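Colleague: Take this structure first; my questions come after.
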Amino acid sequence: YVVRFPSLRFLGETALRDTRRNRLLRWLTLLLRCLVIALLCAAFARPFWGKSPAVTRRALVIALDNSMSQQARGRWDETQSWSLSQLAELGPGDQAALLIMQPEPAWLVPMTDDLARVRAALTAAKPGYGKTRYARPLRRAAETLAKTPAGTRILAWAADEQVAGWRGTDLAQKLPAGVNFRFLGIAPAPQRQ
């Protein structure tokens, strides 16, 4: 036995059809509102979804020529000062390493985010009495930078560019992709050594 509701009795079948359509519209409206709330949450979280920390970080390797030619008047101080200025460009979250070239390429400080440690080692470094060959330190520094996940990779070449240092270096061999090369510049030949 069916009892017709008085207010809908005169509307007939179209009212029932509209009720079903309204039910579907209510669900769609609910889904759209949830989507808007999710998009607002995503918009506020956007700074966290930006570039990954590795992409925004910088990695610096200072390849320090500590050969006897650096003992020429003022040359070591200039090399250290330039190297410290390269290190001063880094900020929190960036990494640096210090590689000495002579007698064999060796890490005074391997890649670290402790920039004060790199700065202290650089300040304490002294020139030696041997001669430097640039090929091996160049490759070691470049390979280390190529392995770091940083977005910007810089090789700061703190050398006095002695011609003898470049002998035997294959200059046709390119640095790994993404490694930026900075150098101190060519120092004038000393009057006396």
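Colleague: Translational diffusion coefficient of region 138-188 at 37 °C, 0.692 mPa s, Stokes-Einstein with Kirkwood Rh over Cα pairs, in µm²/s as a whole number. Working shown, then result.
Modeller: Working: Rh = 12.1 Å.
The estimated diffusion coefficient comes to 271 µm²/s.
Colleague: Okay, moving on. Would you mind checking which residues have amide H under 5 Å from residue 66's amide H? H placed 1.01 Å from N; only 5 or more apart, or other chain.
Modeller: Correct list: 101, 102.
Colleague: Over region 22-160, consider all pairs of different Cα atoms and compute the Kirkwood hydrodynamic radius from their mean reciprocal separation; express it in Å, one decimal. Provide the component values of the computation, followed by the final result.
Modeller: On the way: mean 1/r = 0.0566 Å⁻¹.
One decimal place: 17.7 Å for the Kirkwood radius.
Colleague: Does region 68-124 come out rounded, prolate or oblate, given a ≥ b ≥ c as the square roots of the eigenvalues of its C-alpha gyration tensor, rounded meaning a/c under 1.5 and, failing that, prolate meaning a/b above b/c? The partial results should precede the final answer.
Modeller: Numbers: a/c = 2.86, a/b = 1.48, b/c = 1.94.
Judged from the Cα gyration tensor, region 68-124 comes out oblate (a/c at least 1.5, b/c at or above a/b).
Colleague: What length, rounded to one decimal in nm, is gained on full extension from residue 123 through to residue 166, with 0.36 nm per residue of separation minus their alpha-carbon distance?
Modeller: On the way: separation 43, 0.36 × 43 = 15.48 nm, distance 2.58 nm.
Contour length minus the Cα-Cα distance gives 12.9 nm.
Colleague: On to the next question. Quick one: Kirkwood hydrodynamic radius for region 85-193, alpha-carbon pairs, angstrom, one decimal? Please list the in-between numbers first.
Modeller: On the way: mean 1/r = 0.0665 Å⁻¹.
When all Cα pairs of region 85-193 are included, the Kirkwood radius is 15.0 Å.
Coordinate-derived values only; no laboratory data. If you're wondering where the values come from, they're calculated on a predicted model, not measured in any experiment.
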